[in-house]
Amino acid sequence: MQYDRIDARILEIVQKNNRLTSEVIGELAGLSATACQRRLKRLRSEGIIEADVSIISPKAVGRSIQMLVLVSLERERADIIDRFKKAIKSSVDVVNGFYVTGEADFVLYVSARNMEDYEQFTRRFFYENADIKGFKTMVIMDRVKAGFAIPVEVPSEG
């Protein structure tokens, strides 16, 4: 995956606001709308831009409880890991899931309407899964920063 200085500028722009038109993005990056559209299409097809998302307030949509959950599996085998990854992807309650190193095998960001809703989730998702050794829940008291913006390195000329 290669990108140039203009692509880097486009990436910085769309990370801040993915609702801008190609005309506006092009103007900010010094391109025509058509050239900007071509670059955006390539950046998406090459997987540099993974998704166009908006960040929603959990409380505004009735999901007032958010948790970070550290999950440990019974064994680290490829089939168990793959099965758990599939379960994460198919759960609407799991907002983000990360396969990690360290004390836990996975870190999940989970949203729920209330604690009773979260308890039902834990029964379905953890207690009924024989591959789970244990989990620890940390309730999020305040979402201080939310986003997916990644610092974009500008390639050197050369």
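The values are calculated or read from the model by the stated rules, or taken from the named source; none is laboratory data. The structure displayed is predicted, hence computed values, not measured ones. Because the Cβ atoms are built from the backbone with ideal geometry, glycine has one as well, and the counts that use them run over all protein chains shown.
Given (1) farther than 14 Å from residue 58 by Cα; (2) small (Gly, Ala, Ser); (3) in contact (Cβ under 8 Å) with a residue 40 or more places away in the chain, identify the lone condition not met by residue 112.
The failed condition is (1).
Looking at the range 41-63, which of its residues are surrounded by 14 or more Cβ atoms within 10 Å (Cβ to Cβ) and under 30 Å from residue 103 (Cβ atoms)?
Correct list: 58, 63.
Have a look at 139, 152 and point out the one that is surrounded by 10 or more Cβ atoms within 10 Å (Cβ to Cβ) and over 20 Å from residue 96 (Cα atoms).
Going through 139, 152 in turn, the sole match is 152.
Could you go through the range 127-138 and let me know if any residue there is in contact with a Gly (Cβ under 9 Å, 6 or more places away or on another chain) and outside any loop (DSSP other than H, G, I, E, B).
No, there is no match, as no residue in the range 127-138 is in contact with a Gly (Cβ under 9 Å, 6 or more places away or on another chain) and outside any loop (DSSP other than H, G, I, E, B).
So residue 28 passes all but one of these: (1) surrounded by 14 or more Cβ atoms within 10 Å (Cβ to Cβ); (2) farther than 17 Å from residue 137 by Cβ; (3) at pLDDT below 95. Which condition number does it fail?
(3) is the only condition that residue 28 fails.
Inside the range 6-25, can you point out the residues that are farther than 30 Å from residue 144 by Cβ and loosely packed, with under 13 Cβ neighbours inside 10 Å?
Within the range 6-25, just 21 meets the criteria.
If residue 101 meets every condition in (1) without any contact (Cβ under 8 Å) to a residue 40 or more places away in the chain; (2) loosely packed, with under 10 Cβ neighbours inside 10 Å; (3) closer than 24 Å to residue 15 by Cα apart from one, which number is that one?
(3)
Any residue that is under 30 Å from residue 156 (Cβ atoms), of a type in the set (A, V, I, L, M, F, W, C) and either in contact (Cβ under 8 Å) with a residue 40 or more places away in the chain or loosely packed, with under 15 Cβ neighbours inside 10 Å (or both) - is there at least one of those in the range 74-82?
no
If I filter the range 75-90 for residues that are touching a Phe, Trp or Tyr at 6+ places or on another chain (Cβ under 9 Å), polar (S, T, N, Q), modelled with pLDDT of 95 or more and not assigned by TED's automatic domain parsing to the domain that holds residue 22, do I get at least one hit?
The answer is no; no qualifying residue exists.
Could you tell me whether any residue of the range 125-133 is surrounded by 15 or more Cβ atoms within 10 Å (Cβ to Cβ) and out of contact with any strand residue (DSSP E or B) (no Cβ under 7 Å at 6 or more places or on another chain)?
Within the range 125-133, one or more residues are surrounded by 15 or more Cβ atoms within 10 Å (Cβ to Cβ) and out of contact with any strand residue (DSSP E or B) (no Cβ under 7 Å at 6 or more places or on another chain).
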